[in-house]
Amino acid sequence: MILTFPHMGNTYITAKVLLDELGVSYVIPPLDNQEALSIGARYAPELACLPLKINLGNYIKAYEQGADTILITGGCGPCRFGYYSEIEQGILRDLGIKMDVIALEKPDAGLLELMRRIYRLSGYEKNVNRVIGAVKKAARISALVDELERQTFRTRPRETAKGSTDRIYSAFRENVLNAKGYDGIKKLIGETSEKLSAIKVNRNQTPLKIGIVGEIYTTIDSATSFNLDIKLGNLGVEVDRAVTVSGWIIDHMFKKALRLPYDTGYVDAAKPYLKTMIGGHAQETVGHSAQYADRGFDGIIQIYPLSCMPEIVAQSVLPGLSRDKDIPVMTLIIDEMSGEAGYMTRIEAFLDVLDRRRERSIG
Amino acid sequence: MDNAKDLFLGVDVGSVSTNIVAADEKGCLIEKIYLRTEGQPIKAIQEGMKRLAEALGPDASIKGAGATGSGRQLAACVIGADTVKNEITAHAVATQLMLPEVRTILEIGGQDSKIIFIKNGIVCDFAMNTVCAAGTGSFLDRKAGRLNIPIEKFGLYALQAEAPVRIAGRCAVFAESDMIHKQQLGFNAPEIICGLCEALVRNYLTNLAKGKKIEDPVVFQGGVAANAGIAAAFEKELKTKITIPIHYDVMGAYGAALLAIQKIKESGEPTSFRGFELIHRDYKTRSVQCTDCPNSCELIEIASDGEVMARWGGRCGKWAEASQNYINSGCRKM
């Protein structure tokens, strides 16, 4: 069995740790998600959402490299993500590509089923402690990687030599592929973090702060949203993204499954606008937006792939929130047909709006 | 008065038209040139600058220049602009000078349309069409071609209609099918054109203004504002009076010129404008790959007479900064 998994931002690092620690052989699809998208778009239904297309591209590239089994996290939320594994298997089957799928989710059948799948993943490794250890280590790494990314969000707008953060961070994303296991990757993260700390920054700067909300894939996978988080950073904006890989793994998968308490602040914050979970990350989008506004952020950018139902609902809720809390909100919809230049115009104009507002409130 | 000829330029390179204006230091518009880009932005800029130089006469002295529009980076590089701004900000600046109390700006250009909301004198929100161009000038252009009516007369036809016919406006191509169907049912040209104008306005408002409040005074600008039929359809739909500024067709360029005035006044530095000689130079663009980091960004490089003048398109903003420094330093080596 040779495993592979779809990309979503930095999740490949977490997945790599898990599989390294379990001692399973695997291939990682090429990092270039634009190419994956063009491949996926060829085979996916036109109106399927964008992440499904990228996933398919990832699988096909990995299959060419010898992968025969796909590991994905399942979505139990009532959005199309919940059907990904079934639809993706169907499309691959029609293409004559024989690949198995292992979905890591909290199935309705309960935790035993999840454990059975993890056992299958580890080649029926019967050492429960080793399996639990690997999962714990992967979760820990995901938290460290998210923290590293947050560090780039802080450094990028303040660096005095443009491109310093990008050079270190993109080298990290490449080099991590050659690091091995929890120890190797943890060491590399530590070194990268030190390098980032050594970047010369302008401490007197008070950058604009923008909260990024929206559908999880397009917000976390920077390349899919035209590297919006990186571009904003380089335009001198400090970004924050409340939905993270580690949050997804730790809160959504483990704590929910184990019925442990987890941060539900966003649920309360969303309440005046959206009282219940309506699928996908709509409640998070609305709740986090309210929280960003209360924390004094300058603006909010919502990102989602064309036709994403939960985010469409959230988008129609946001103008009211924007009025009540007096915070500008801009929505960007990502589609494989869209061009980058149009987004840049909108982003620049949005930053002008935020700049003027800030000047006004100071002057 | 030797100051009378101290002028500031604004260049707006759009998908369909390239507009150039000259304004005096008080912001009064002195001269405007409107020409079609026709897919050759550099040629359009050169042609526009040539015409502008002729119109202004030999003793005009350019004290500042600004660029905007989808081709703003290219324009900035070719003319040596002091400011480069997106068209949303540029449009708002120009409109606010002409009508300071403006609350809503409707702008429809060749391939994009925008709506800008202003509160307490600053832009507070805006929207731009995203995945669809059904509410833009190109939509009308196509329909006019199909009906064999010059686009300039399109609006007047619409005003002659007694009752508009409803046309499906969701998609520009299907609107055409529906239009043909209505022709076959025997509706006359004015009724159909009026229906098209209303379809475009409906599409524009649902795409851009959904859930947002359109407050008076409302200003309508951009190339499509020349179309009386659209203006009438907006007034009917919004149930309010709409103002069309006299320079509605060059508001972006005008805004760029105003931003240049502001920039030069604030910085007190001399302009980076290259002078009108730029019309004789030969420009070449090509794509190059940056090898400074594993991102391997694809850069657009523009060179003139063998000398690299600007590079942009990189993710980290390093090249944009270098290009701006190059322009500001009076074009010494990059």
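Filtering region A:150-185 to residues that are in contact (Cβ under 8 Å) with a residue 12 or more places away in the chain and of a type in the set (Ser, Thr, Tyr) leaves A:152, A:155, A:160, A:164, A:165, A:169, A:182. The condition of being more than 14 Å from chain B (Cβ to nearest Cβ) and at positive phi holds for only one of A:287, A:247, A:265, A:280, that being A:280. The residues of region B:81-118 that are of a type in the set (Ser, Thr, Tyr) and within 17 Å of residue B:205 (Cα to Cα), listed by number, are B:104, B:113. Of A:281, A:288, all but one fail to be over 24 Å from residue B:126 (Cα atoms) and out of contact with any Lys or Arg (no Cβ under 7 Å at 6 or more places or on another chain); the exception is A:281.
In region B:35-49 there is at least one residue that is aliphatic (A, V, I, L, M), assigned by TED's automatic domain parsing to the domain that holds residue B:261 and within 22 Å of residue B:136 (Cα to Cα). If only residues of region A:333-354 that are crowded, with 20+ Cβ neighbours inside 10 Å and more than 21 Å from residue B:68 (Cβ to Cβ) are counted, the one that is farthest from the other protein chains (Cβ to nearest Cβ) is A:334.
Do the conditions hold for residue B:299, that is, is it within 21 Å of residue B:63 (Cα to Cα), modelled with pLDDT under 85 and not in a loop (DSSP other than H, G, I, E, B)? No: the conditions fail for residue B:299.
As a summary of the residue check, residue A:312 satisfies the conditions (1) surrounded by fewer than 21 Cβ atoms within 10 Å (Cβ to Cβ); (2) facing another protein chain (nearest Cβ under 9 Å); (3) of a type in the set (A, V, I, L, M, F, W, C) except for the one numbered (2). Please specify each residue of region A:317-332 satisfying the condition of being within 7 Å of another protein chain (Cβ to nearest Cβ) and either more than 30 Å from residue A:82 (Cα to Cα) or under 23 Å from the mean Cα position of the chain (by Cα) (or both). Within region A:317-332, A:328 is the sole residue that qualifies. Taken as a whole, the structure leaves residue B:245 outside the set of residues that are in a loop (DSSP other than H, G, I, E, B) and at pLDDT below 90.
When region A:151-185 is filtered for residues that are at the interface with chain B (Cβ under 10 Å from one of its Cβ atoms), farther than 18 Å from residue A:231 by Cβ and buried (at least 16 other Cβ atoms within 10 Å of the Cβ), only A:172 remains. What about residue A:357, is it within 11 Å of another protein chain (Cβ to nearest Cβ), over 23 Å from residue A:33 (Cβ atoms), crowded, with 20+ Cβ neighbours inside 10 Å and at pLDDT below 90? The answer is yes for residue A:357.
Residue count for region B:57-74 under the criterion of being within 14 Å of another protein chain (Cβ to nearest Cβ) and among the hydrophobic types (A, V, I, L, M, F, W, C): the result is 2. Scoring residue B:236 on the criteria (1) at pLDDT 90 or above; (2) under 30 Å from residue B:53 (Cβ atoms); (3) part of a helix (DSSP H, G or I) leaves a single failure, condition (2).
State yes or no: is residue B:219 in a loop (DSSP other than H, G, I, E, B) and buried (at least 18 other Cβ atoms within 10 Å of the Cβ)? The answer is no for residue B:219. Taking region B:185-230 as the range and being closer than 18 Å to residue B:133 by Cβ and within 14 Å of chain A (Cβ to nearest Cβ) as the test, the residues that pass are B:206, B:207, B:208, B:209, B:210.
Note on region B:97-116: residues that are modelled with pLDDT of 90 or more and at the interface with chain A (Cβ under 10 Å from one of its Cβ atoms) total 2. Report whether or not residue B:250 is under 20 Å from the mean Cα position of the chain (by Cα), part of a helix (DSSP H, G or I) and within 20 Å of residue B:115 (Cβ to Cβ). Judged against the criteria, residue B:250 is a match. Residue count for region A:38-68 under the criterion of being within 22 Å of the chain's Cα centre (by Cα) and either among the aliphatic types (A, V, I, L, M) or surrounded by 19 or more Cβ atoms within 10 Å (Cβ to Cβ) (or both): the result is 20. Run down B:134, B:127 and say which single residue is within 14 Å of another protein chain (Cβ to nearest Cβ) and either of a type outside the set (Phe, Trp, Tyr) or under 16 Å from residue B:275 (Cα atoms) (or both). Result: B:127 is the single residue among B:134, B:127 that is within 14 Å of another protein chain (Cβ to nearest Cβ) and either of a type outside the set (Phe, Trp, Tyr) or under 16 Å from residue B:275 (Cα atoms) (or both).
In region A:10-62, the qualifying residues are those that are outside any helix (DSSP H, G or I) and of a type in the set (S, T, N, Q), and the one that is modelled with the highest pLDDT is A:10. If the condition is being within 20 Å of residue B:224 (Cβ to Cβ) and more than 28 Å from the chain's Cα centre (by Cα), then region B:168-190 contributes B:179, B:189, B:190. Pairs linking a residue in region B:161-181 that is closer than 18 Å to residue B:228 by Cα to a residue that is aromatic (Phe, Trp, Tyr) and modelled with pLDDT of 85 or more, with Cβ atoms under 9 Å and 6 or more positions apart or on different chains, are B:165/B:187.
The values are calculated or read from the model by the stated rules, or taken from the named source; none is laboratory data. This structure is a prediction, so every number in the text was calculated from the model and none was measured. Positions of Cβ are generated from backbone atoms using ideal geometry, with glycine treated the same way; all protein chains shown enter the neighbour counts.
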